[in-house]
Amino acid sequence: MLILVTGASGSGKSGFAENTALQFGQCVTYIAAMKPDGADAQKRIDRHRAMRRGKGFHTVERYTDIKNLGIHTPAILECLPNLLANEMFSPEGCGAENAEDEIAEGIRTLAAKCKNLVVVTDEIGSDGAIYDAATERYKKILGSLNRRIARAADEVYEVVCGVQMKIKQEGRSCTY
């Protein structure tokens, strides 16, 4: 089963995604994609570690190339926007021109290996602001990735103010 969880920053999507992944069994791999680059990133990483403390996750830090992970347990990927930034902008990444296809293939491969995969992503682009060309390209690719994963997903949830809404189930769209 592939589940996509989306929502704005601070919406509660990570907690919901963690609880959803834990329903698949005791041994769940948490794939952390955020690089500890700077104090702000480290603060977010520490907050997420505290959120999952004691829940029994096995954490794997992986910033790029998720398709070559040797994981065969249920898993959660936290989060797609960080993975995309790493693939596009890090020296070890595949670059902007290949990032979308590389990540989509990685998620297909992981979902097949894991049998149950929860992917966390962000709602992006609704702020109406115009950014520099690189950021606009990033937003466009993330939006396209979100749509591709949502089409492939068995279930899609949006989390708003800590409330989750199922917007896709069993291959059909739902309204809310």
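Against the condition buried (at least 16 other Cβ atoms within 10 Å of the Cβ), among the β-branched types (Val, Ile, Thr), farther than 21 Å from ASN86 by Cα and under 16 Å from the mean Cα position of the chain (by Cα), how does ILE3 come out, does it pass?
Against the criterion (buried (at least 16 other Cβ atoms within 10 Å of the Cβ), among the β-branched types (Val, Ile, Thr), farther than 21 Å from ASN86 by Cα and under 16 Å from the mean Cα position of the chain (by Cα)), ILE3 qualifies.
Checking ASN68 against (1) surrounded by fewer than 21 Cβ atoms within 10 Å (Cβ to Cβ); (2) closer than 18 Å to THR109 by Cβ; (3) under 16 Å from the mean Cα position of the chain (by Cα), which test does it fail?
Unmet for ASN68, out of (1) surrounded by fewer than 21 Cβ atoms within 10 Å (Cβ to Cβ); (2) closer than 18 Å to THR109 by Cβ; (3) under 16 Å from the mean Cα position of the chain (by Cα): (3).
Taking ALA41 as meeting all but one of (1) closer than 18 Å to ILE3 by Cα; (2) in a helix (DSSP H, G or I), write down the number of the exception.
(1)
Looking at region 86-101, which of the residues that are surrounded by 19 or more Cβ atoms within 10 Å (Cβ to Cβ) and in contact with a helix residue (DSSP H, G or I) (Cβ under 7 Å, 6 or more places away or on another chain) is farthest from ARG147 (Cα to Cα)?
Checked region 86-101; the qualifying residue farthest from ARG147 (Cα to Cα) is GLY93.
Looking at ILE76, ILE124, ILE71, ILE130, which one is touching an Asp or Glu at 6+ places or on another chain (Cβ under 8 Å), hydrophobic (A, V, I, L, M, F, W, C) and part of a loop (DSSP other than H, G, I, E, B)?
Sole residue among the options that is touching an Asp or Glu at 6+ places or on another chain (Cβ under 8 Å), hydrophobic (A, V, I, L, M, F, W, C) and part of a loop (DSSP other than H, G, I, E, B): ILE130.
Check off (1) part of a helix (DSSP H, G or I); (2) in contact (Cβ under 8 Å) with a residue 40 or more places away in the chain for ASN98 and give me the number that stays unchecked.
The one condition ASN98 does not meet is (2).
Taken together, the values in this text are just the output of simple stated rules run on the coordinates, not laboratory data. Note that this is a predicted model, so its numbers are computed, not measured. Note that each Cβ is placed from the backbone with ideal geometry, even for glycine, and that neighbours are counted across all protein chains shown.
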